[in-house]
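Some notes on the structure that comes next.
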Ligand SMILES: N[C@@H](CCC(=O)N[C@@H](CS)C(=O)NCC(=O)O)C(=O)O
């Protein structure tokens with residue numbers, strides 16, 4: 001059985017789709033018809049009780065969520081493909097560190113912009129949630145920017161799925177000028193022969 005990816009165009013599953021293509025893995029893709037920044041249909045709970053994409057069904061039929069965990073899993077399952085460094089190495093430790101850092105501090109912060117009502121019970125407090133989250137995401141991206149000194153990618157010269165993930169998250173931050181190294185990393189992902197076409201299907205010329 002092949003993998004099965006559930007996603008919504010323009011969502012985090014972009015990075016999972018690129019990982020599957022880098023792995024040359026057979027997969028079926030279901031793109032949920034649902035507008036960006038809205039809730040997925042109630043019926044999607046049958047696939048994922050948390051009602052979010054991406055969801056990856058593994059070849060044995062088990063189900064995975066959480067983009068960073070999926071990317072780590074795919075990299076470990078396809079060590080001969082250019083997804084990430086060999087498990088057990090210091091480079092792999094950094095790979096996992098930054099994937100989780102980005103997931104917790106950037107992805108989750110960005111979600112506070114479309115869904116502020118999930119993070120305060122004060123109906124008048126939505127702008128405050130958005131502003132504080134935007135500031136915190138900016139701080140987190142600053143840490144990533146500093147870590148990119150050896151660049152152009154997070155682990156050096158070679159792109160891996162960590163870079164694909166960061167490039168995708170960076171789209172949603174309004175301030176590009178403060179992050180020249182992240183901008184260069186994003187350009188590298190957009191220009192990649194495998195990631196580029198997937199990028200354009202999801203994000204056009206952004
Ligand atoms: N923690 C999840 C977050 C996934 C997520 O937030 N997905 C968004 C699309 S980018 C979504 O499904 N939003 C619909 C909702 O939260 O109701 C992950 O890392 O994969």
### Query
Highest mean first, what order results for 170-183, 119-132, 7-20 on Cβ atoms within 10 Å?
7-20, 170-183, 119-132
### Message
When the expected Rg is taken as 2.2 N^0.38 Å, what fraction or multiple of it is the alpha-carbon Rg of region 3-77?
### Response
1.03
### Query
When you count, for each residue, the other Cβ atoms within 10 Å and take the mean per peptide, how do 99-105, 112-118 rank with the highest first?
99-105, 112-118
### Query
Over the chain, what is the percentage of antiparallel beta bridges among all DSSP beta bridges, to the nearest 5?
55
### Query
In percent, what relative contact order does region 3-77 have, based on Cα pairs under 8 Å that are 6 or more apart in sequence?
39
### Gain in span if fully extended, residue 25 to residue 77, counting 0.36 nm per residue against the direct Cα distance
17.7 nm
### Summary
Once the mean of 1/r over all distinct C-alpha pairs in the chain is inverted, the Kirkwood radius in Å reads 17.5
### Message
Taking every alpha carbon pair in region 90-192, what does the distance histogram look like in 5 angstrom bins from 0, in percent?
### Response
2, 13, 24, 22, 16, 10, 6, 4, 1, 0
### Between region 1-79 and region 143-206, the alpha-carbon center distance in angstrom
20
### Calculated over region 65-140: convex hull of Cα atoms, volume per residue (Å³)
95
### Message
Suppose we keep just the DSSP beta bridges with both residues in region 3-77; what percent of those would be antiparallel, to 5?
### Response
50
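Read-outs throughout are calculated quantities, based only on the coordinates presented, and are distinct from any laboratory measurement. This structure is a prediction, so every number in the text was calculated from the model and none was measured. Here the Cβ is made from the backbone with ideal geometry for all residues, glycine too, and neighbour counts use every protein chain on show.
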